[in-house]
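Following: one structure in structure tokens, then a few remarks.
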Amino acid sequence: MAILIRPKRALWCIFVVDKRFHFLTRQSLPAEFIVGVALAVAIFIGGIATRAQTGRPGPDPVLVAFNQAMRESRYQDAEKILTDAIPNLEQTQPNSVLLAEYLSRLAAAMQKSGNHREAAAVRSRAAEIYRIASGPDGIEAAGALLDQARAAQQQGDIKGTERLMLQAVENARSNITKLKSGREVDLAALTFGTLASFYIDQSRWVDAEPLLLEEKRLCNFFEVPYRAGSAMCGSLPDRLAKVYSAEGRQVDAERTLSAASSEGEFGQPKILALNKVAERFEKDGLYPSAEETYARGIALAEKIEASPENRFGGLVVTETELLGQLFQREHHNAQAEREYLAAMDIDEKYLARLPEHSPYAEHLSFRLLLDLYREEGRLKDIEPVILHILALQERALGERNRAVLQTMMALANVYRDEGKDSEAQTVNARILAIQASTGDDGHAH
């Protein structure tokens, strides 16, 4: 916020930016005068800020209770919380964004309870209310187009996917100046990010770059502690750096990653500070102190993610994996295995709380555990782990998704390394058949 205060015909003014006072004068003024004016303005602005903060609504108690039930896998309780609250909203706030939000989350709970047909009907109603609330040409139409694009992508219709994504982007561009809420900015950023990622998967760097820059402008609306949990903003620095590197612009790639790191986009500053302390302890050979520091990082991450207002995801998983890697470097493999499995369990439980076809399934990873088992000569033990993740990804993403094919390739490699040539050939044949059906030459979309 900026406020300019300048009396008529005076040779001074006060410019307030981000709660800091800047005095602009053409001649010197007595210090007592400046301090007095600043104090008066501070009291004035403080009163406004206090009233604004006092009037700010707190977290929605219904959604807080719903989120808690979902975290604890109490899906029927989560359904009841919303079905009890929705009738009142239908009477008092029909066709409101809040009602649509309740319905959307109710559909997610129904999906987890196995009520797929009812969930689809409720989700459809939520989408319709979102569209009504934003108008026929509002930003919510972009969300509907993205849903259609994902469906087309799962069916292998790559041209149809691009066409629908381009329509969504045009809708977002036409609504840029009309965005009125964090949700709408989030949706617009997601629209640009989705098409940019689609082009990155196809190595279409020139097409992806301008979309990433538009996405970045929208992501910058969110403060750093919450940016990574908004739309696809958390992966934006990595995606932009990847494009720059592919275009031979290594300096720009490094500058992008460095800027994101210095602003704290890759994690909460307090946690990053703890990680640096742990690294120093390990470098000095103080392994118990390093372990204890990473444990503190996990505890802090759990506290942050437990906050109802938190939108910063993946903190606990990252810290847990770091502790596991430390144990592995110390050759405490049993403890490393325990941490890797715990991190994977957290990711899977988080996926279970999301809509059925969430792209979050792409982030499910078994790489650290695979490396550990390979080091110990236990490749057979990784087979059921990969098969389980493959099933989760196929259900959420469809078999033509790049992440799904990469998981299949990892499984085929494990079979081959174990000498199970028949099993490896079967998986490879399936991969080739999927790639042939999409007209792909080895790159999944």
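Each row is one residue, and each column tells you yes or no for (1) free of Cβ contacts under 8 Å to residues at least 12 places away in the same chain; (2) over 19 Å from residue 317 (Cβ atoms); (3) of a type in the set (Gly, Ala, Ser).
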residue: 351; (1), (2), (3): no, no, no
residue: 366; (1), (2), (3): no, no, no
residue: 413; (1), (2), (3): yes, yes, no
residue: 429; (1), (2), (3): yes, yes, yes
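What number of residues within region 78-96 satisfy the criterion of being part of a helix (DSSP H, G or I) and surrounded by fewer than 18 Cβ atoms within 10 Å (Cβ to Cβ)?
9
Just checking, how many residues over region 376-398 are among the basic types (Lys, Arg) and under 17 Å from residue 334 (Cα atoms)?
Residues flagged as among the basic types (Lys, Arg) and under 17 Å from residue 334 (Cα atoms) within region 376-398 amount to 2.
Of (1) assigned by TED's automatic domain parsing to the domain that holds residue 95; (2) of a type outside the set (Lys, Arg); (3) surrounded by 22 or more Cβ atoms within 10 Å (Cβ to Cβ), residue 233 satisfies all except one. Which?
Only one criterion is unmet by residue 233, namely (1).
Within 27 Å of residue 222 (Cα to Cα) and modelled with pLDDT under 85: which single residue out of 173, 183 fits that description? Give the derivation first.
Details: 173 fails: modelled with pLDDT under 85.
Selected residue: 183, the only one of 173, 183 that is within 27 Å of residue 222 (Cα to Cα) and modelled with pLDDT under 85.
Cβ-Cβ under 8 Å, sequence separation 6+ or interchain: first residue in region 335-348 and under 13 Å from residue 385 (Cα atoms) and not assigned by TED's automatic domain parsing to the domain that holds residue 360, partner buried (at least 21 other Cβ atoms within 10 Å of the Cβ) and modelled with pLDDT of 95 or more. Which pairs?
Filtered contacts from region 335-348: no entries.
Taking interchain pairs and intrachain pairs at least six residues apart, which have beta carbon atoms under 8 angstrom, with the first residue in region 101-125 and in the same structural domain as residue 73 (by TED's automatic domain parsing) and the second of a type in the set (Gly, Ala, Ser) and not in a helix (DSSP H, G or I)?
112/73
Yes or no: region 135-143 includes at least one residue that is within 24 Å of residue 240 (Cα to Cα) and part of a helix (DSSP H, G or I).
yes
Kindly provide the set of residues from region 372-409 that are of a type in the set (D, E, K, R) and loosely packed, with under 15 Cβ neighbours inside 10 Å, ordered by number.
Of everything in region 372-409, those that are of a type in the set (D, E, K, R) and loosely packed, with under 15 Cβ neighbours inside 10 Å turn out to be 374, 375, 376, 378, 380, 381, 395.
Out of region 195-205, which residues are part of a helix (DSSP H, G or I) and not hydrophobic (A, V, I, L, M, F, W, C)?
Our first condition is that a residue be part of a helix (DSSP H, G or I); within region 195-205, this holds for 195-201, 205.
If the condition is that a residue be part of a helix (DSSP H, G or I) and not hydrophobic (A, V, I, L, M, F, W, C), then 197, 199, 201 are the ones that fit.
Of all residues in region 364-378, how many are in contact with an Asp or Glu (Cβ under 8 Å, 6 or more places away or on another chain) and closer than 16 Å to residue 391 by Cβ?
Looking only at that region, the number is 2.
If you check 120, 149, which single one turns out to be in contact with a Lys or Arg (Cβ under 9 Å, 6 or more places away or on another chain) and part of a helix (DSSP H, G or I)?
149
What do you reckon, is residue 436 modelled with pLDDT under 85 and of a type in the set (A, V, I, L, M, F, W, C)?
Taking the combined requirement at face value, the residue satisfies it.
Condition test on residue 386, is it over 23 Å from residue 314 (Cα atoms) and in contact (Cβ under 8 Å) with a residue 24 or more places away in the chain?
Spelling it out, it is not the case that residue 386 is over 23 Å from residue 314 (Cα atoms) and in contact (Cβ under 8 Å) with a residue 24 or more places away in the chain.
I'd like to check something: does region 147-166 contain any residue that is over 28 Å from residue 348 (Cβ atoms), surrounded by fewer than 16 Cβ atoms within 10 Å (Cβ to Cβ) and under 23 Å from the mean Cα position of the chain (by Cα)?
yes
Let's see how each residue does on (1) in contact with a helix residue (DSSP H, G or I) (Cβ under 8 Å, 6 or more places away or on another chain); (2) touching a residue at least 24 places away in the same chain (Cβ under 8 Å); (3) part of a helix (DSSP H, G or I):
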site: 159; (1), (2), (3): no, no, yes
site: 170; (1), (2), (3): no, no, yes
site: 174; (1), (2), (3): no, yes, yes
site: 186; (1), (2), (3): no, yes, yes
site: 193; (1), (2), (3): yes, yes, yes
site: 207; (1), (2), (3): yes, no, yes
site: 211; (1), (2), (3): yes, yes, yes
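Is there a residue being within 20 Å of residue 182 (Cα to Cα), buried (at least 20 other Cβ atoms within 10 Å of the Cβ) and at pLDDT 80 or above anywhere in region 103-115?
First, the residues of region 103-115 that are within 20 Å of residue 182 (Cα to Cα): 103-105.
Okay, now just the ones that are also buried (at least 20 other Cβ atoms within 10 Å of the Cβ), so 103, 105.
Still in the list and also at pLDDT 80 or above: 103, 105.
Looking for residues that are within 20 Å of residue 182 (Cα to Cα), buried (at least 20 other Cβ atoms within 10 Å of the Cβ) and at pLDDT 80 or above, one finds at least one in region 103-115, hence yes.
Being farther than 30 Å from residue 232 by Cα, assigned to a helix (DSSP H, G or I) and not aliphatic (A, V, I, L, M) is the requirement here; does residue 383 meet it?
Yes; evaluated as a whole, the condition is true for this residue.
Has region 301-310 got any residue that is in contact with an Asp or Glu (Cβ under 8 Å, 6 or more places away or on another chain) and at pLDDT below 90?
Yes, region 301-310 contains at least one residue that is in contact with an Asp or Glu (Cβ under 8 Å, 6 or more places away or on another chain) and at pLDDT below 90.
What single numbered condition from (1) buried (at least 16 other Cβ atoms within 10 Å of the Cβ); (2) modelled with pLDDT under 95; (3) not hydrophobic (A, V, I, L, M, F, W, C) fails to hold for residue 340?
Only one criterion is unmet by residue 340, namely (2).
The values are calculated or read from the model by the stated rules, or taken from the named source; none is laboratory data. If you're wondering where the values come from, they're calculated on a predicted model, not measured in any experiment. Methodologically, a virtual Cβ is constructed for each residue, glycine included, from the backbone with ideal geometry; neighbour enumeration extends over all protein chains shown.
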